[in-house]
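The values are calculated or read from the model by the stated rules, or taken from the named source; none is laboratory data. Computed from a prediction, not measured in an experiment: that's the story for all the values here. Note: ideal-geometry Cβ built from the backbone for every residue, glycine included; neighbour counts use all protein chains shown. Surface accessibility is based on the protein's heavy atoms, side chains included, excluding ligands, DNA and RNA. Shrake-Rupley method; radii C 1.70, N 1.55, O 1.52, S 1.80 Å.
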Amino acid sequence: MRREPIVAGLKLRLLLACVALCASASTPASLADVKQIAIAGVTVVNPEREAKDAAVADATVVISGDRIVAVGSRASTPVPAGAMRIDGRGKWLIPGMIDGHVHFFQSGNLYTRPDVADFNAVMPYAREAARNKARLAATFKVWLASGVTGVIDVGGPFWNFDVRAAAERSDAAPRVATTGPLISMVARPQLDLDDPPIIKVDSPAAARDLVRRELERKPDFIKVWFIHRPGDDMAAQEAIVKATADAAHAAHVRLAVHATELDTAKAALRAGADYLVHSVSDAPVDDEFIRLARANHALLCPTLFVANGYQYALSNRWQATPEEQRLADPQILAAMHDLDRMPKDLIPERVAKSMADATPPRAPTLALKNLKVLWDAGIPIVMGTDAGNIGTLHGPSVFREMALMRDAGLTPLQILRSATTNGARAMGRSDLGAIAPGKLADVVLLDADPLIDVANLSRAERVIKAGVVYDPKALIDSIR
């Protein structure tokens, strides 16, 4: 991926913004000179701990290179000579957040899923896909600006592996774990541009063959799109999932499964699923489901908002939140109300019906109840948005998702744990998700207490990823 010409200027603006936070007269002259950073007087939030021990006030965190090297009280933890000193008084430091379910081949706009709403007459899908590739650097930046320093892409074209490589060499990008094409029970030819994100298989042998092809690219997960329709043979489908799981596990790769019904989710767990990337939304979870999830040590990502995102956008009721107005890709924001300007004869029939229906989208009540039951049962929950789907924007959609997790009855600390400690577990990264010596220096400096109100997680003043300081506003300004 070509480096942007604005990077040098962006780094300078980020440094100048950081200088405003620094209380030392010996601030280095350029980011290249910054070897150590000390955040002094900050309240460190440890989401992996119990509530009474989670917040440690008046602490100093020292970063050297891309690692945290010291965490302790301000009195006992000196600021190294020559370090950039950031005044953390009246601020809170959390681990960088992780979104456990995204799709980089999708943008979040109206045109990104022609298999759901076919706008090819307005925006050819090939042009939309090309836009997403060309805009990748901007998409990376909205994630960082939102305080998200890691994401898991759980399915897309083989191009997904290029996304991971681009993130690794980018100046401003989250860490990316990635997955290849979805091994699917159904076809989606509308998305096939010679590198399909979804590939239908009809047998265990075909599933194993596709797994073999994906393993050549070293995926972080193998993913099954488990769609069961009336009349489908559930036992035959479960056999495909099991063959996929066995092939993945033989290569020490975990299996992620899209299974939104109780029966398919149980079948996926019986077949060996490690990561359920949606909640069950058709029935209350039961003891058998919980037993199967525990036996697999499975993680679950509820993705509470995404269905409503489609409904809001395709009924032309979608409205940007204040966080999206500040932090989303301006190109996507500008396109979210294209239905207002679109000739009526080019609006797909399904969308026209949604626009005419005055019934507002319903809250995902059952999924909210299931989330609380599963959290209380000790099933590890991972915050994730399914960003990229229509109406669920990359970056600040995490704040919509976490608001729904709050509505389900989770505490701010539990929600933060799902987005950090459990997100790191989902990424398979023991060096992320906590603020401790030896961990990678992916942290977010907030100007409000996230343990009082989960909405305060959107109040990032600075984002540090791999020891580099970013100003969220400067990141967004650089892509306008």
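Checking the a/c ratio against 1.5 first, then a/b against b/c, what shape does the Cα gyration tensor give for the range 441-480?
Since a/c reaches 1.5 but b/c is at least a/b, the shape of the range 441-480 is classed as oblate.
From Cα coordinates alone, what are the radius of gyration and Dmax values for the range 237-309 in angstrom?
For the range 237-309, the Cα radius of gyration and maximum Cα-Cα distance read 12.0, 38 Å.
If N is the number of residues in the range 281-380, what value comes out of its Cα radius of gyration divided by 2.2 N^0.38 Å? Write out the running numbers ahead of the final one.
Numbers: Rg = 18.3 Å, N = 100, 2.2 N^0.38 = 12.7 Å.
Normalised Cα radius of gyration, the range 281-380: 1.45.
Using every Cα-Cα pair within the range 339-403, state what percent have a distance larger than 16 Å.
Result: 66 percent of Cα pairs exceed 16 Å.
Treating the range 143-280 as a set of equal point scatterers at the Cα positions, no solvent, please give the Debye-formula log₁₀ I(q)/I(0) at q = 0.11, 0.18, 0.21 Å⁻¹.
The computed values of log10 I(q)/I(0) come out as -0.39, -0.97, -1.24.
Quote to one decimal, in nm, the extra length available between Ser73 and Met355 on full extension: 0.36 nm per residue of separation minus the C-alpha distance between them. The partial results should precede the final answer.
Details: separation 282, 0.36 × 282 = 101.52 nm, distance 5.64 nm.
My answer for the length gained is 95.9 nm.
Quick check: the angle from helix 234-250's long axis to the longest principal axis of the chain, C-alpha only, nearest 10 degrees?
Once rounded, the angle reads 40 degrees.
Determine, at each q value in 0.16, 0.21, 0.22, 0.23 (inverse angstroms), the log₁₀ of I(q)/I(0) that the Debye formula gives when each Cα of the range 309-434 is one equal point scatterer.
Once normalised to I(0) and log-transformed, intensities are -0.89, -1.23, -1.29, -1.34.
Which pairs in the list Lys91/Lys133; Lys52/Lys242; Lys141/Lys223; Lys223/Lys465 are over 32 Å apart, alpha-carbon to alpha-carbon?
Lys91/Lys133; Lys52/Lys242
Helix-derived [θ] at 222 nm for the chain: sum -39500 (n - 2.57) over DSSP H runs of at least 4, divide by residue count, nearest 500?
Calculated at 222 nm, the ellipticity per residue is -10000 deg cm²/dmol.
Relative to the longest principal axis of the chain, what angle (0 to 90°, nearest 10) does the C-alpha long axis of helix 262-271 take?
Roughly 80 degrees, rounded to the nearest 10.
Please list, by residue number, everything in the range 309-349 whose backbone N is under 19 Å from a paramagnetic label point 7 Å out along Cα→Cβ of Asp447.
Under cut-off, by backbone N: 322-328.
I need the Kirkwood Rh of the range 99-185: take the reciprocal of the average 1/r across all distinct C-alpha pairs and report it in angstrom.
Result for the range 99-185 stands at 13.5 Å.
What does the accessible area per residue of the chain come to in Å², with a 1.4 Å probe and no ligands, DNA or RNA counted? Intermediate results must be reported in sequence, preceding the final value.
On the way: 18470 Å² over 480 residues.
Using a 1.4 Å probe on heavy atoms only, each residue of the chain averages 38 Å².
Put a dot 7 Å past each Cα toward the Cβ at Lys369 and His297; how far apart are the dots in nm?
3.2 nm
So between Asp233 and Asp192, what do we pick up on full extension, going 0.36 nm a residue minus the alpha carbon distance?
Working it through step by step, the gained length comes to 12.2 nm.
In Å, what Kirkwood hydrodynamic radius results for the range 216-363 from the alpha-carbon pair distances?
Values: mean 1/r = 0.0555 Å⁻¹.
Averaging 1/r across every pair of different Cα atoms and inverting gives 18.0 Å.
Could you state the orientation-averaged shadow area of the convex hull built on the Cα atoms of the range 35-120, in nm² to one decimal?
For the range 35-120, the mean projected area of the Cα convex hull comes to 9.3 nm².
Relative to the longest principal axis of the C-alpha atoms of the chain, give the angle of the C-alpha long axis of helix 136-145, reported between 0 and 90° and rounded to the nearest 10°.
In the chain, helix 136-145 runs at an angle near 60 degrees to the longest axis.
Over all distinct alpha-carbon pairs, what is the Kirkwood Rh of the chain in angstrom?
About 22.9 Å for the chain.
Where does the range 373-480 land on Rg/Rh, using Cα atoms and the Kirkwood Rh?
0.96
Give me the distance in nm between label points sitting 7 Å out from Cα along the Cα-to-Cβ direction at Arg49 and Asp287, one decimal.
The answer from the label model is 3.8 nm.
Rg and Dmax in Å for the range 216-265, alpha carbons only: what are they?
11.8, 35
What is the sum of charges around His337, taking Lys and Arg as +1, Asp and Glu as -1, for the other residues whose C-beta is under 14 Å from the C-beta of His337?
Details: positive: Arg317, Arg341; negative: Glu324, Asp338, Asp340.
It works out to a net charge of -1.
Could I have the simple spin-label model distance between Ala320 and Ala377, label points 7 Å from Cα toward Cβ, reported in nm to one decimal?
So the two model labels end up 4.0 nm from each other.
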